[in-house]
Amino acid sequence: MTCIFCGIADGSVKSQLIYEDDHVVAFKDLNPQAPTHLLLIPRKHIARLSEADEQDTALLGHILLVAKKLAQQFDLKDFRLVTNNGKGAGQSVDHLHFHLMAGRRFLWPAG
Ligand code: AMP
């Protein structure tokens, strides 16, 4: 089965790219739920966080630091970084991704 986010990572699927390096790609969410809504993905296909393992330690840390850098770049003081793990948690694309969202008030606990 083809993975849409793998397609974005390799450039075969168009996206509004915001950031890329050897390991991570960030792009605008197609259906934004906040004034700023980016998705950060590893180039490596990992279906969800629960599928990551010890070998992915540096990669996962790197994604968090890229999120921090993008938040700085976009001048976001308050932001939410979230990953949905599994359908019951709202995951609709089976490639690990972190939502970086800002620009409105967020409720807690998340709905
Ligand atoms: P989730 O529901 O946590 O799996 O999030 C998947 C997100 O991917 C949703 O917010 C979608 O709007 C977004 N999305 C799906 N396809 C694309 C795409 N081709 N380009 C950008 N965002 C997408």
Which whole-number percent of Cα pairs in region 4-102 have a distance greater than 24 Å?
15 percent
Once the piece of chain linking F106 and C6 is laid out straight, how much longer is it, given 0.36 nm per residue of separation minus the C-alpha distance between them?
33.1 nm
Could I have the simple spin-label model distance between L30 and A89, label points 7 Å from Cα toward Cβ, reported in nm to one decimal?
2.2 nm
Check the chain and count each lysine pair with an alpha-carbon distance under 23 angstrom, considering only pairs eight or more places apart or from different chains.
12
Relative contact order [Cα under 8 Å, 6+ residues apart], the chain, whole percent:
30 percent
Could you tally the net charge around G61, taking each other residue with its Cβ under 15 Å from the Cβ of G61, Lys/Arg +1 and Asp/Glu -1?
-2
Which longest run of the chain has no exposed loop site in it, a site being trypsin sites (Lys or Arg not before Pro) in a DSSP loop with at most 14 other beta carbons within 10 Å, and the site itself not part of the run?
15-76
Rounded to the nearest 20 debye, dipole of the chain from Cβ charges on Lys, Arg, Asp, Glu:
520 debye
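Laboratory data are not the source of any read-out in this text; all were calculated from the coordinates shown. Small disclaimer: the values here were computed from a predicted structure and weren't measured. Cβ atoms come from the backbone with ideal geometry, glycine included; neighbour counts cover every protein chain shown.
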